[in-house]
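Each remark here refers to the structure printed beneath this line.
Taken together, the values in this text are just the output of simple stated rules run on the coordinates, not laboratory data. Note that the structure is a prediction, hence the values are computed from the model and not measured. Positions of Cβ are generated from backbone atoms using ideal geometry, with glycine treated the same way; all protein chains shown enter the neighbour counts.
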Amino acid sequence: MAQAHGWVKRYFKAFYKGFFVAVPVAVTFLDRVACVARVEGASMQPSLNPGGSQSSDVVLLNHWKVRNFEVHRGDIVSLVSPKNPEQKIIKRVIALEGDIIRTIGHKNRYVKVPRGHIWVEGDHHGHSFDSNSFGPVSLGLLHALATHILWPPERWQKLESVLPPERSPVVQSEE
Amino acid sequence: MLRGVLGKTFRLVGYTIQYGCIAHCAFEYVGGVVMCSGPSMEPTIHNSDIVFAENLSRHFYGIQRGDIVIAKSPSDPKSNICKRVIGLEGDKIITTSPSDFFKNHSYVPMGHVWLEGDNLQNSTDSRYYGPIPYGLIRGRIFFKIWPLSDFGFLRESPNTERFADD
């Protein structure tokens, strides 16, 4: 009887130890270092989801790289949607604070990106709910940098940070 | 001797990581103690007051009109601002001061909130930078713990005429 009791006690001790160590570490890792996400929608075609709804890309999101809110023009980033805080959107950074850019379909033809904000656009213009709809977004909404496509296997690749030349800013701010 | 030191170092690093992760989860999902600076929330919160903020309301989308929130500054993501929620999405906000003759109003866009400090004369808030996205809100302040003379739940807004009827 004493032996069975000892077994139960050791089991619970191991369980609590695992729970209070593993869960916070895992949660902190997913919040602060990296996580994965499935991309939905066509706003970043052809870079992401070229197959449409048949096969959604799964991307690796790197939180660590944006912990100081440092992004570059051409990066693909995920951010909290300014119109719906329950949703995350994934777009390409087109302009940083201080840049003046020519917009597509925005109410103003030229926009100067305010301090602490960035201008993001989907690669599939016209099918993208991006800064051309909701204006510059605050850097505080930045969630992660998308660095690689992990699934499907035939689409394994590192996502390049490339700014389409026709979308480069009219006036670039001094770094 | 070296193995003993190495073993101790690994254990120390292990504990640091473990407690750091527990601290992250506590601050991110439950709440924490915050020190406020600046005069923009007087008389409710004064400079160098210490308050308790909870982050559950933000995750469950339960922030309401009249709540005092901590949010990331829209123009500087590394600093925080502490203001009261005057309007939620869809609310009608009077953007001109009460002394103006012609009243100008606008509606708070979807997914945004309108923030104002209680010290209207000395507060840079949504009247200056416009409504801010809900996603910038980090937590809700509901309890003051320092100074002890002011210990307790926080007061209602002293500026009740800022809340327009929706």
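General observations
- Taken about its Cα centre, the range A:35-158 carries a charge dipole of roughly 280 debye when the Cβ of each Lys and Arg holds +1 and the Cβ of each Asp and Glu holds -1.
- Peptide packing: for A:51-61, A:76-86, the average count of neighbouring Cβ atoms within 10 Å per residue gives the ranking A:76-86, A:51-61, highest mean first.
- Within the shell of other residues whose beta carbon sits under 12 angstrom from the beta carbon of A:Pro164, the net charge comes to -1, with Lys and Arg scored +1 and Asp and Glu -1.
- Average partner coverage of A:111-118, which counts Cβ from other chains inside 10 Å: 2
- Neighbour-count ranking [beta-carbon atoms within 10 angstrom, fewest first] of B:Thr95, B:Thr9: B:Thr9, B:Thr95
- Our estimate of slack between A:Val162 and A:His5, defined as 0.36 nm per intervening residue step minus the Cα-Cα distance, is 50.3 nm.
- Volume of the Cα convex hull of chain B, divided per residue and given in Å³: 139 Å³
- Against the main long axis of the alpha-carbon atoms of chain B, helix B:2-29 sits at an angle near 20°.
- When Rg and Dmax are taken over the Cα atoms of the range A:35-158, they come to 14.0, 42 Å.
- Inter-probe distance in nm under a simple model that places probes 7 Å from Cα toward Cβ, at B:Phe142 and A:Lys65: 3.9 nm
- Acute angle (nearest 10 degrees) that the helix A:2-32 long axis makes with the longest principal axis of chain A, alpha-carbon atoms: 10 degrees
- Computed [θ] at 222 nm, helices only, for chain B once each DSSP H run of length n ≥ 4 contributes -39500 (n - 2.57): -6500 deg cm²/dmol
- Paramagnetic label zone (point 7 Å from Cα along Cα-to-C-beta, A:Val23; backbone N under 19 Å) in the range B:27-65: B:27-32, B:55-57, B:59-60
- Estimated 222 nm signal from helices in chain A, with DSSP H stretches of n ≥ 4 weighted -39500 (n - 2.57), rounded to 500: -6500 deg cm²/dmol
- Each label point was placed 7 Å from the Cα along the Cα-to-Cβ direction; for A:His127 and B:Met35 their separation is 5.3 nm.
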